[in-house]
Structure formats: structure tokens, C-alpha cells
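K.L.:
Dumping the structure here so I can ask a few things about it.
The values are calculated or read from the model by the stated rules, or taken from the named source; none is laboratory data. Being a predicted model, the structure only gives us computed values, none of them experimental. Every residue, glycine as well, gets a Cβ built from its backbone with ideal geometry; the counts of neighbours run over all protein chains shown.
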Amino acid sequence: MAAIDWSACPLVEIVPGKVSGAPLLKNTRLPVEAITGNYDAFRDEGLSPDAAIAETLDCYPEAGLENIRTILNYRDEHQLPPTAQRAELDSRLASLDQDRREGVAWTTLKAELEQRCP
């Protein structure tokens, strides 16, 4: 999955040096990835969206129900669909191929990109 730019989400802050610069729920040390990752894990277990949100809230009550919903909605609205992710990968690989022709080592970068955007 491509990285999401959280900078426009009013509930999220990125502070260099605070939790390694990860996107955090504002005024906390709670990574956004903890919220989205828990929600996704509960959905993968077969829970309904509402039940997965409730379970995520149980894990992180300090986040608050509306904040969890807002973060999940933001992610859904700003996440690239798989075809767009693949197009982004293909574009990056084409750029790397040009670099290779110009003598820049690219094998490691290509493998990293393919792993990030299957």
C-alpha cells in the first residue's frame, strides 16, 4: 500500500523526533498506524466495520470514537486504489531504469519499490 500523506488531516501531527516522526494523533504519542492497523486486523478477523471501530476504541480509548472514524475516513479518501499504486510503481521503475542507463545503481531500489507496491 502506498504511503498516505497525513499532513492535511487536522487530527494528525508529524513532529520530527517524536515517535520517530511517525504520523500521530494530535497531542498524543499514539501513531495513526496503531489505529488503522488495529481496525484492519479486526476487519480481517471478520468483524463488521462498526464492531472493528468499537474494538479499536477499546484498545485506544484516549483516541475517541469520532477521531477514530475521522482517521479511517481520511485514510479511505486519500488511499490510492491498487491500479493507481501499480501505475505509481511503474512510473518510479521507469525513472530508475533511466537512472540505470545513466550509471546509477538501482537494483536495491527496484526491489524495495516492488515490495512496497506489489
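K.L.:
Check the stretch 24-45 and report whether any residue there is without any contact (Cβ under 8 Å) to a residue 12 or more places away in the chain, part of a loop (DSSP other than H, G, I, E, B) and of a type in the set (Gly, Ala, Ser).
P.N.:
No: the stretch 24-45 contains no residue that is without any contact (Cβ under 8 Å) to a residue 12 or more places away in the chain, part of a loop (DSSP other than H, G, I, E, B) and of a type in the set (Gly, Ala, Ser).
K.L.:
For the stretch 17-41, which positions are of a type in the set (Val, Ile, Thr), surrounded by fewer than 17 Cβ atoms within 10 Å (Cβ to Cβ) and within 19 Å of residue 66 (Cβ to Cβ)? Give the steps one after another, and end with the answer.
P.N.:
Taking the stretch 17-41 first, the residues of a type in the set (Val, Ile, Thr) are 19, 28, 32, 35-36.
Next, only the ones that are surrounded by fewer than 17 Cβ atoms within 10 Å (Cβ to Cβ) stay: 19, 28.
Selection gives 28 alone.
K.L.:
Related question: May I ask you to say which residue of 89, 57 is surrounded by 14 or more Cβ atoms within 10 Å (Cβ to Cβ) and at pLDDT below 95?
P.N.:
Details: 57 fails: at pLDDT below 95.
Testing whether each residue is surrounded by 14 or more Cβ atoms within 10 Å (Cβ to Cβ) and at pLDDT below 95 leaves just 89.
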